[in-house]
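Every number here is computed from the coordinates shown, using simple stated rules; none is lab data. The model shown is predicted, which means the values in this text are computed figures rather than measured ones. Neighbour counts run over all protein chains shown; Cβ positions are idealised from the backbone, glycine included.
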Amino acid sequence: MKFSANLGFLWTDRALPDAIRAAKTAGFDAVECHWPYDTPVDAVNDALQETGLPMLGLNTVRGAPGENGLTALPGRETEARAAIDQAIAYAVATRTRTIHVMAGNASGLEARGTFLDNLRYARATCPEDILLLIEPLNRHDAPRYFLRTTDQASDLLADLNDPGVKMMFDCYHVARTEGDVVTRLEALLPLVGHIQFAAVPDRGVPDQGELNYPFVFKRIAALGWTRPLGAEYRPGDETDQTLGWLRAAKAGA
């Protein structure tokens, strides 16, 4: 198995370039981030080149406090598309492979239409070799978020009918909302562009909690998935002290 360190949660006590270096030292195969825009592109590229790690993904900005994204907010299309443009520019400059287009806190048919229109804009603007992602967030952590379930994401992807837009399947979010993570992933695999994970229910270190990740990882490998899985968990303590799960997974335990 290959793993990507999500630097939105891991090594947050360090500047992004130093967090990339820490991920390499720890044995990760890739990195991803949330909102890297305050870090100069050259500094990120220097760290990526030095370590040889690819940058797998980044997010569009969340907007004002409490918005959690802009893409599904009616009347905010100008800002949403500026956020998409910003993400594309940074992704191109850092050779980032995916962009998570954050929907925001909204509901209803108008929000759905706005989300689809903005996703079509993003796909028309984005280079073909960058994959766009949409991610259902669980109702406990993000009760007002537009995109809540994998069924809803599947319906949106069917309407878009564009292979350049796929689902971010976060085992943590799916487990909190829907359960039966492995069965859901098996059914949805053709629609999935990236997989993330964390312990359930506290989003902590993945070697504890309700989900048996050694089993989950083996099932994902059996499905033929070869891309790095995103470790997007809250370490609580120093990140380096929480990596026993990574060493075990790499050893095939």
Q. Just the C-alpha atoms of segment 125-167: what Rg/Rh do they give, with Rh taken as the Kirkwood radius?
A. 1.04
Q: Mean Kyte-Doolittle of at least -0.5 plus a Cα span of 20 Å or more along the axis: flag which DSSP H helices in the chain meet both, please.
A: 77-94, 109-125
Q: Report the relative contact order of the chain, percent, no decimals, based on alpha-carbon pairs under 8 angstrom and at least 6 residues apart.
A: 19
Q: Could you size up the charge dipole of the chain around its Cα centre, putting +1 on the beta carbon of Lys and Arg and -1 on that of Asp and Glu, and report it in debye to the nearest 20?
A: 400
Q: Run the dipole for segment 33-179 about the Cα centre, Lys and Arg Cβ at +1, Asp and Glu Cβ at -1, nothing else charged, and hand back the magnitude in debye, nearest 20.
A: 280
Q.
Restricting to Cα pairs below 8 Å that are 6+ residues apart, what does the relative contact order work out to for segment 104-253? Please round to a whole percent.
A. 18
**Q.** Cα gyration tensor of segment 1-98 - equivalent ellipsoid semi-axes, whole Å, descending
**A.** 26, 13, 12
(Q) Running a GNM on the chain with Cα contacts under 10 Å, which residue among His34, His140, His100 ends up with the highest mean-square fluctuation? (A) His140
Q. Of the chain, which part is the longest with no trypsin sites (Lys or Arg not before Pro) in a loop (DSSP not H, G, I, E, B) and with at most 16 other C-beta atoms within 10 angstrom?
A. 145-253
Q. Not counting the cut sites, what is the longest span of the chain without GluC sites (Glu not before Pro) that DSSP labels loop and that have at most 14 other Cβ atoms within 10 Å?
A. 1-127
**Q.** Proximal lysines relative to Lys166, as straight alpha-carbon distance under 25 Å, when same-chain residues fewer than 8 apart are discounted
**A.** Lys2, Lys218
(Q) Once you order the gyration tensor axes a ≥ b ≥ c over the Cα atoms, which shape class does segment 112-253 get: rounded for a/c under 1.5, otherwise prolate or oblate by comparing a/b with b/c? (A) prolate
Q: Report relative contact order for segment 1-148 in percent, whole number only (criteria: Cα-Cα under 8 Å, sequence separation at least 6).
A: 20
Q: May I ask which residue of Gly252, Leu188, Tyr213 lies farthest towards the positive end of the charge dipole of segment 152-253, with charges of +1 (Lys, Arg) and -1 (Asp, Glu) on Cβ and the Cα centre as origin?
A: Gly252
Q: Using just the helices of the chain, give the 222 nm mean residue ellipticity in deg cm²/dmol: DSSP H runs with n ≥ 4 each add -39,500 (n - 2.57), and the total is spread over all residues, rounded to 500.
A: -12000 deg cm²/dmol
Q | Computed magnitude of the charge dipole of segment 131-253 (debye, nearest 20; Cβ of K, R +1, Cβ of D, E -1) | A | 220
